[in-house]
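Since the structure comes first, as structure tokens, the remarks are kept for the end.
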Amino acid sequence: MGAKRFIYQFRDTVFKRRLLLLLLSLMLLVGVYCIPTYRIWFKETVIAYWGNFNYQKSKLDIEQRKINRFDSYYVITKLIAASVPEHSKEKLLLVPASGYFKEKGLEYDVPEPVVFYYFTSIRTVWAKSDEAFKATGVVLVNNKKQIVIHNNVPSTKMDSLVKALRKYSYPL
Amino acid sequence: MSLIMLILLCLLHLITGLGLMGLLKISLRPGMNISLAIITGIGVFSIVPFLMELLFIPLTALNTWLGLFVSTALCNIKYKQSFLLIRSTIGSLSFKPKIYEIPFLLLIGFMLFVSAWRCFYFPPTPRDLLSGAEAIAEFAVREKSMLNSVFTVNMESTNNQFKPPYITSLQIIYKYAGFEFGQVWLILLVGSFVLFLYQVLLKKLHRIIAGLLLVFFLAIPEMYAYTFMALFDYSNAVFFFLSLYFLQLYFEDKQQKQLIFSGIMMAMATYTRSETLILAGLILPLFLWQWFKVKQGWALLLRNGLLFIIPSMVIYYLSISLFINHYLPVSYNIGELINKDIFHIHGLLLKVKDMTNELVFGKEGKAYYNWFIYLFLFLLSMELLVYRKMNKPACYWFYCIVAVYVGLALSSHILPLMDITHSIKRGLFKIFPLMLLFAQNNRLLIGWSNRLKNWENPIREVG
């Protein structure tokens, strides 16, 4: 009888102490959350990401997910690719720097050639490269702020275009 | 469908990893075995498409899957041993969380879920991945070779195509498994690593302290970001930590299998980031330290040192010297990247100073790593001021932390392309699990843990 009572009392004590430890755990976590840097980080990342979950789980289309992630970086790149005629897709395309598009009133963060190729399978080159003179097409913006692809540009005109476009730098 | 494929791949990693562990007779606690096996399995699989490329085997879906099954079979060649390990691991697996650790487990689980979802949902994002491994992997799936049309594109803006093919290989496997964006292998790697770390911490610390430390570890902002953005550094930190963990076990138990496994893990770390070879070199003095203590003879010292470093050198040769110089269709002169003024020690000291000022005590430091480094410095100062002497494991982990810190500065000094604001910032991921293990061996925390354990269970006090 005594042994049984001891076991019950012991279990009771252990259980109560574990409940107190549970309280301690919760207090410690609240304590961590009260530290400003942790609170801000947690709100701006983990909680914010969780907030997007419901929307994201209903938008599982691959293209949609790419657009959600990359935004204009991806969308404009795909638009450019769609404007390149099928017979010119194998040719080298000169793409000016982001600064050029900004000057023309367009926000377009130009991907580096390998990323452009990854998105579109089209080979591009930046004006600062010596290879730029080999390009046969060029992406430009017209007066209506529309992106226009010029194909089969004569080499003399391409030379002057490359030189003119070199004033814009390509930050990574 | 995606979930089923992920579970299947997870099982394949598990069987492969347990097989390799069985071959080397590596066995830990059941939960640790499972997490370690998944990480090891990911490591083994990351080499398969690369080896196939070295052997000029086309990377078709069929060949890739065959390659994976062959590697699983080879790792389980001593199938009786593997079966025993699997049976003992699964047989003794139990999960009985204490009521007070549930808040920590829920929070950690929530953070991991959010990370896993982002990893699955979004396409690969880091510029280093898009302009390198991811582009190569995407076109490898289309053209059945890692040496594909990506190399015909103008690549003056990047050198990411010259990184070791660790991520490329995993991306190829996961793309063939039906994951458009690949990269979900990172979910398995991160989840297994966190599980492994938690169990390591529980060896010496009370569950509340272990849980709290792990929350601090997961809440390192920069590191958390790379739990869902695939890049080399998180994997590098995982394999590097495992190597040092098994090296410590070797120094304690003197079982050669642990040294061999440590060497393999360091090779994996070198495969993920080739500069790790420099850090592996800085770990070698630990063998000398052991030798002074035990006085085993030069031959043994040399043999142990070679067992540790040779696998890393082999993988470095295969993935960098051989693959880049003799397989890639474009040339890359690594010699040109090396600092011409390498013996200018002042430059190295400046790197250490810049690292400390910018990444540890600078404004950005807290944004990158929150208070984690300060937590370590607090525990270190307690150890030095209150106890005035570190215990052996704490000493070991402290040496490793210093070696990584100095080693990163040295890497940046030797290869100036490794800048502080990008490469070193992420390279420091390697130091945080080591700091956790330092905390695990910190006398202050061990003392608190023992008091909590005794108070929780009064029988212990009597016993």
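The values are calculated or read from the model by the stated rules, or taken from the named source; none is laboratory data. Just so we're clear, the structure is a prediction, and the values are computed from it rather than from any experiment. Cβ sites come from the backbone with ideal geometry, for glycine too, and all protein chains shown count toward neighbours. For accessibility, only protein heavy atoms count, side chains too; no ligands or nucleic acids. Shrake-Rupley method; radii C 1.70, N 1.55, O 1.52, S 1.80 Å.
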Checklist entry - If the viscosity is 1.002 mPa s and the temperature 20 °C, what translational diffusion coefficient in µm²/s does Stokes-Einstein give for the stretch B:58-121 when Rh comes from Kirkwood over Cα pairs? => result 135
Item to check | Accessible-area value, residue B:90, 1.4 Å probe, nucleic acids and ligands omitted, Å² | outcome: 100
Checklist entry - Among B:25/B:78; B:25/B:430; A:102/A:128, which pairs are too far apart, with a Cα-Cα distance over 21 Å? => result B:25/B:430
Checklist outcome for this item: Expected integer from the mean partner chain Cβ neighbour count at 10 Å over B:194-201 is 0
Checklist outcome for this item: Quick shape summary for chain A, equivalent ellipsoid via Cα gyration tensor, semi-axes whole Å in descending order, reads 62, 17, 14
Checklist entry - Of A:81, A:133, A:153, which is farthest on the positive side of the dipole of the stretch A:70-165, counting Cα position, with +1 on Lys and Arg Cβ, -1 on Asp and Glu Cβ, and the Cα centre as origin? => result A:153
Item to check | Positive-end residue of B:171, B:267, B:123, charge dipole of chain B with Cβ unit charges | outcome: B:267
Item to check | Proportion of all alpha-carbon pairs of the stretch B:356-410 beyond 14 Å (%) | outcome: 63
Next on the checklist: From the helices alone, meaning DSSP H stretches of at least four residues, give me the mean residue ellipticity at 222 nm for chain B, per-run term -39500 (n - 2.57), in deg cm²/dmol to the nearest 500.
Outcome noted: -22000 deg cm²/dmol
Checklist entry - According to the Kirkwood expression over distinct Cα-Cα pairs, how big is the hydrodynamic radius of the stretch B:5-125, in Å? => result 16.3
Checklist entry - With charges only on Cβ, +1 for K and R and -1 for D and E, what is the dipole size of the stretch A:70-165 about its Cα centre, in debye, rounded to 20? => result 260
Checklist entry - Which of the peptides A:110-119, B:193-202 is most tightly packed, and how do the rest follow, going by the mean number of other Cβ atoms within 10 Å of each residue? => result A:110-119, B:193-202
Checklist entry - If you put +1 on each Lys and Arg Cβ and -1 on each Asp and Glu Cβ, how big is the dipole of chain B around its Cα centre, in Debye rounded to 20? => result 1760
Checklist outcome for this item: Shape descriptor, chain B: equivalent ellipsoid semi-axes (Cα gyration tensor, sqrt 5λ, whole Å, largest first) stand at 34, 28, 23
Checklist entry - Suppose every K and R has +1 on its Cβ and every D and E has -1 on its Cβ; what is the size of the dipole of the protein assembly as shown about the Cα centre, in Debye to the nearest 20? => result 2200
Checklist entry - Rounded to whole Å and sorted largest first, what semi-axes of the equivalent ellipsoid does the C-alpha gyration tensor of the stretch B:91-250 yield via the square root of 5 times each eigenvalue? => result 35, 16, 14
Checklist entry - Largest first, what is the accessible-area ranking of B:326, B:344 with a 1.4 Å probe? => result B:326, B:344
Checklist entry - Taking Cα centroids, how far is the stretch B:209-242 from the stretch A:118-166 in Å? => result 43
Next on the checklist: Of the candidates A:35, A:62, A:76, which one comes out as most mobile in a Gaussian network treatment of chain A with C-alpha springs shorter than 10 Å?
Outcome noted: A:35
Checklist outcome for this item: Inter-chain shielding metric for A:20-26, i.e. average beta-carbon neighbours from other chains within 10 angstrom, reads 6
Checklist entry - Tell me, what is the Rg over Rh of the protein assembly as shown, with Rh the Kirkwood radius over Cα pairs? => result 1.00
Next on the checklist: Residue by residue through B:130-140, how many Cβ atoms from other chains fall within 10 Å of the Cβ on average?
Outcome noted: 3
Item to check | Overall Cα dimensions of the stretch A:85-172 - principal axes, largest extent first, Å | outcome: 30, 30, 27
Item to check | Solvent-accessible surface (1.4 angstrom probe) belonging to residue A:34, in square angstrom, nearest 10 | outcome: 80
Item to check | Debye log10 I(q)/I(0) for the stretch A:70-126, one point scatterer per Cα, at q = 0.16, 0.23, 0.25 Å⁻¹ | outcome: -0.44, -0.91, -1.05
Checklist entry - So what's the Cα pair-distance distribution over the stretch B:195-303, bin width 10 Å, in %? => result 13, 35, 34, 15, 3
Checklist entry - Structure shown: which of B:204/B:363; A:144/B:163; B:353/B:392; B:80/B:203; A:134/B:163; A:66/A:145 lie over 32 Å apart, alpha-carbon to alpha-carbon? => result B:204/B:363; A:144/B:163
Checklist entry - Rounded to the nearest 100 Å², what is the sum over both chains of accessible area buried where B meets A, with a probe of 1.4 Å? => result 5200
Checklist entry - Taking springs between alpha-carbon atoms closer than 10 angstrom, which of A:43, A:104, A:59 fluctuates most in the Gaussian network model of chain A? => result A:43
Checklist entry - In Å², what does the accessible area per residue of chain B work out to with a 1.4 Å probe? => result 39
Checklist entry - Where does the charge balance sit around residue B:391 when Lys and Arg score +1, Asp and Glu -1, over other residues with C-beta under 10 Å from its C-beta? => result +2
Checklist entry - What does the accessible area of residue B:94 come to, in Å² to the nearest 10, when a probe of 1.4 Å is used? => result 90
Checklist outcome for this item: Note to self: C-alpha centroids of the stretch B:400-463 and the stretch B:20-58 sit apart, in Å, by 26
Checklist entry - Of all accessible surface on the stretch B:245-286 at a 1.4 Å probe, what whole percent is carbon and sulfur? => result 57
